[in-house]
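The values are calculated or read from the model by the stated rules, or taken from the named source; none is laboratory data. Predicted model, so just to flag it, every value in this text is computed and none were measured. When we count neighbours, we look across all protein chains shown, and the Cβ atoms used for this are built from the backbone with ideal geometry, even at glycine. When the accessible area is computed, the model is the full protein with side chains, heavy atoms only, and any ligands, DNA or RNA have been set aside. Shrake-Rupley method; radii C 1.70, N 1.55, O 1.52, S 1.80 Å.
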Amino acid sequence: IIDWEACGISEVWEAEDGGEALAKIPLLKPDIVIADIRMPDIDGLELCARLKEEFPEIKVIIISGYQEFNYARQAVSLGVFDYIVKPLNEKNISETVCKCIETIAKERKEKKELAQIKADLMASSALLRQEYLMRMLKEGVADPDQTLKKLEELGLDFTAACYGVFLVEIDDYELRKKDL
């Protein structure tokens, strides 16, 4: 009854029961699983529990003919995206799936932005470490305790009894680097 393409979904798979679903999920890697609460072999709640453990990024929508609070509470505790009570209609499923897709897109965007921030931070941290070490070598160390604290903040462990520094400058490096 669902126009999956209108929801932005290009591929849809089916499983006869929870066991078959669990067998297919690692191979197909779906973003969303829509499961009935009552299924043979493995019920919807057990499927949710396993998915939460093995594939926490998958969003699960539970369909149930039961308005029992206990089922809904268990589903919420398992982190389901939504809990739809039968009778089903195209509108409520489509709206739920569309909301789920929006949530997935938002989470992926945030994850990508966070990864970029971490990469930028790592790159800037390396540059900051390099600049601080060069400044130490050129200007010396005025306050050893403050210097060790700053090195620790930069992720460098310089706790030792003494240090040896060896600086090398290669004459005409740019001309000779082809031979090195």
### Query
Angle between the Cα long axis of helix 90-139 and the longest principal axis of the chain, 0 to 90 degrees, nearest 10?
10 degrees
### Message
Using a Gaussian network model on the chain with a 10 Å cutoff between Cα atoms, which of GLY155, GLY164, GLY18 fluctuates the most?
### Response
GLY164
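For the chain, what is the calculated [θ] at 222 nm in deg cm²/dmol (nearest 500), taking -39500 (n - 2.57) for each run of four or more DSSP H residues and dividing by its residue count? Could the numbers behind the result be given before it?
Working: 6 runs with 95 residues, N = 180.
Estimated from H runs of four or more residues: -17500 deg cm²/dmol.
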### Query
Of ALA126, VAL76, SER64, which is farthest along the charge dipole of segment 39-139 in the positive direction, counting Lys and Arg as +1 and Asp and Glu as -1 at C-beta?
ALA126
#### Entry: Relative contact order %, segment 1-158, counting alpha carbon pairs below 8 Å whose residues are six or more apart
17 percent
### Carbon/sulfur fraction of accessible area - the chain, other protein chains in place, 1.4 Å, %
53 percent
### Message
Can you list residues from other chains, or at least 5 along the same chain, whose modelled amide H is less than 5 Å from the amide H of MET39?
### Response
GLY44
#### Entry: Whole-Hz ³J(HN,Hα) from phi, Karplus 6.51 cos²θ - 1.76 cosθ + 1.60, for segment 16-28, glycine and proline x
6, 7, x, x, 5, 4, 4, 6, 7, 4, x, 7, 8
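Work out how much length ASP17 to PHE158 would gain on full extension: take 0.36 nm times their residue separation and subtract the Cα-Cα distance, in nm to one decimal. If you can, show how the numbers build up before the last one.
Details: separation 141, 0.36 × 141 = 50.76 nm, distance 5.88 nm.
Gain on stretching ASP17 to PHE158: 44.9 nm.
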### Task
Could you calculate the contour length gain from PHE55 to ARG129, that is, 0.36 nm times the residue separation minus the distance between their Cα atoms, to one decimal place in nm?
22.9 nm
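Quick one: putting +1 on the C-beta of Lys and Arg, -1 on the C-beta of Asp and Glu, what dipole do you get for the chain around its Cα centre, in Debye to the nearest 20?
Working: 24 positive and 36 negative charges, 75 e Å.
Once rounded to the nearest 20, the dipole reads 360 debye.
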### Task
Return the single residue from LYS59, LYS138, LYS24 with maximal mean-square fluctuation; model: Gaussian network over the chain, springs between Cα atoms under 10 Å.
LYS138
### Query
If the limit is 30 Å between Cα atoms, which of LYS29/LYS91; LYS111/LYS177; LYS150/LYS178 go over it?
LYS111/LYS177; LYS150/LYS178
### Query
Hull surface divided by four, with the convex hull built on the Cα atoms of the chain: how many nm²?
19.7 nm²
### Query
So what J values fall out for segment 152-164 if you push phi through Karplus, 6.51 cos²θ - 1.76 cosθ + 1.60 with θ = phi - 60°, rounded to Hz, Gly and Pro as x?
5, 4, 7, x, 10, 9, 10, 7, 7, 6, 8, 9, x
#### Entry: Nonlocal amide H pairs with ILE84, under 5 Å, H built at 1.01 Å
ILE62, ILE63, SER64
#### Entry: Accessible solvent surface per residue of the chain, calculated while the other protein chains remain in place, 1.4 angstrom probe, Å²
75 Å²
### Summary
Per principal axis, largest first, the Cα atoms of segment 63-114 extend in Å by 40, 26, 8
